[in-house]
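The values are calculated or read from the model by the stated rules, or taken from the named source; none is laboratory data. If you're wondering where the values come from, they're calculated on a predicted model, not measured in any experiment. Here the Cβ positions follow ideal geometry from the backbone for every residue, glycine too, while neighbour counts run over all protein chains shown. Accessible surface is based on the protein model in full, side chains and every heavy atom, while ligands, DNA and RNA are left aside. Shrake-Rupley method; radii C 1.70, N 1.55, O 1.52, S 1.80 Å.
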Amino acid sequence: MQSKITGGNTTLLFTAKVLNKHNVKFYRCNDTGFIQTEEPYWLQEAYSSAITKLDVGLVYRNINLADTVSKLLVKNFDVKGTFLDYAGGYGLFTRLMRDKGFNFYHTDKFCQNLFAEYFELNDLPPGTRFELLTAFEVFEHLTNPIAEIKQMLQFSYNLLFSTELQPKKTDRVDDWSYFSTETGQHVAFYNEASLKAIADQLGYQFYTDGRFLHLFTQKVFDHNPLTPVKDSLLLRKAKKYVKKQEKKLDMPDSLLMSDWKFIKDKLNHDETDGSAG
């Protein structure tokens with residue numbers, strides 16, 4: 001199978017059960033280390049719901065992203081510009097950013113906009129250009145990454161996106177939960193080298209936080225714009241005080257990860273029972 005990034009050769013990495021029923025081959029690009037599935041014939045089944053049952057971190061992730069992106073925009077971009085959240089799901093991120101004063105709009109071909117109605121791409125004049133486009137948890141869904149990223153860049157010369165970078169070891173499907181075989185929606189998996197190869201191919205600068213958040217841009221910065229902005233001393237002290245008070249109140253730990261594991265196990269168990277039946 002040819003690499004969807006370079007067109008070069010790939011090596012079979014492993015075969016894994018997707019949606020607990022399909023034996024799917026995963027390949028690694030020999031040039032960049034990018035990992036892709038075989039042509040994903042199961043996607044109609046996988047997208048019976050646009051937002052998967054396993055994405056319990058959606059609200060937490062969007063709240064954190066809204067805080068991070070706000071600081072990034074203030075420091076590096078025109079805050080009075082117009083912005084677009086691409087494949088924005090229920091519109092939660094668009095709503096959060098508008099609440100913070102940023103003129104964000106939403107677009108998603110597959111998911112109903114619940115939180116940012118009337119602030120859709122279709123509400124703007126055709127051909128509107130945006131100061132920056134965001135695409136969070138989108139790249140791992142792309143069946144033809146180069147072509148689909150080119151489409152995104154038609155809206156803006158600045159593309160801020162999230163996708164988790166590969167860990168050092170990805171020889172087996174169990175090495176990385178981001179393969180997310182229970183849902184069947186993740187089909188493309190990146191490392192820094194593969195994202196840099198895409199940026200070079202498209203003529204863009206590439207910046208990354210080295211973990212989760214990345215930027216393709218025509219701007220050349222004299223610093224990495226994705227380096228976290230350090231809070232002021234006063235704010236750091238305030239946060240430390242709040243944590244101390246919460247500890248005194250014996251606040252419970254988050255159930256997010258335990259809920260994720262519970263649902264993951266339940267999906268695997270239910271599908272196995274269904275197959276046996």
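Determine whether segment 34-47 contains at least one residue that is under 23 Å from Leu202 (Cβ atoms), touching a residue at least 40 places away in the same chain (Cβ under 8 Å), in a loop (DSSP other than H, G, I, E, B) and in contact with a Phe, Trp or Tyr (Cβ under 7 Å, 6 or more places away or on another chain). Among the residues of segment 34-47, at least one is under 23 Å from Leu202 (Cβ atoms), touching a residue at least 40 places away in the same chain (Cβ under 8 Å), in a loop (DSSP other than H, G, I, E, B) and in contact with a Phe, Trp or Tyr (Cβ under 7 Å, 6 or more places away or on another chain), which makes the answer yes.
Condition check for Val69 on (1) under 19 Å from Ser156 (Cα atoms); (2) buried (at least 19 other Cβ atoms within 10 Å of the Cβ); (3) in contact with an Asp or Glu (Cβ under 9 Å, 6 or more places away or on another chain): one failure, at (3). For segment 123-176, a tally of residues being part of a loop (DSSP other than H, G, I, E, B) and either of a type outside the set (A, V, I, L, M, F, W, C) or under 21 Å from Lys219 (Cα atoms) (or both) returns 23.
Considering Leu226, Leu256, the condition of being under 21 Å from Ala66 (Cα atoms) and either at pLDDT below 95 or among the aromatic types (Phe, Trp, Tyr) (or both) is satisfied by Leu256 alone.
Considering Asp55, Asp78, the condition of being modelled with pLDDT under 95 and among the acidic types (Asp, Glu) is satisfied by Asp55 alone.
In segment 177-198, the residue that is most open to solvent (accessible area, probe 1.4 Å) out of those that are outside any loop (DSSP other than H, G, I, E, B) and of a type in the set (A, V, I, L, M, F, W, C) is Ala193.
Filtering segment 122-154 to residues that are surrounded by fewer than 20 Cβ atoms within 10 Å (Cβ to Cβ) and over 23 Å from Tyr41 (Cβ atoms) leaves Asn122, Asp123, Leu124, Pro125, Pro126, Gly127, Thr128, Arg129, Glu131, Lys150, Leu153, Gln154. In segment 89-106 there is at least one residue that is part of a loop (DSSP other than H, G, I, E, B), among the hydroxyl-bearing types (Ser, Thr, Tyr) and crowded, with 20+ Cβ neighbours inside 10 Å.
Checking the stated criteria, Val79 turns out to be touching a residue at least 12 places away in the same chain (Cβ under 8 Å), over 18 Å from the mean Cα position of the chain (by Cα) and over 30 Å from Met257 (Cβ atoms).
The C-beta contact set for segment 208-223 (first residue at positive phi and open to solvent by 10 Å² or more (accessible area, probe 1.4 Å), second residue among the hydrophobic types (A, V, I, L, M, F, W, C) and part of a loop (DSSP other than H, G, I, E, B), distance under 8 angstrom, 6+ apart or interchain) comprises Gly210/Leu165.
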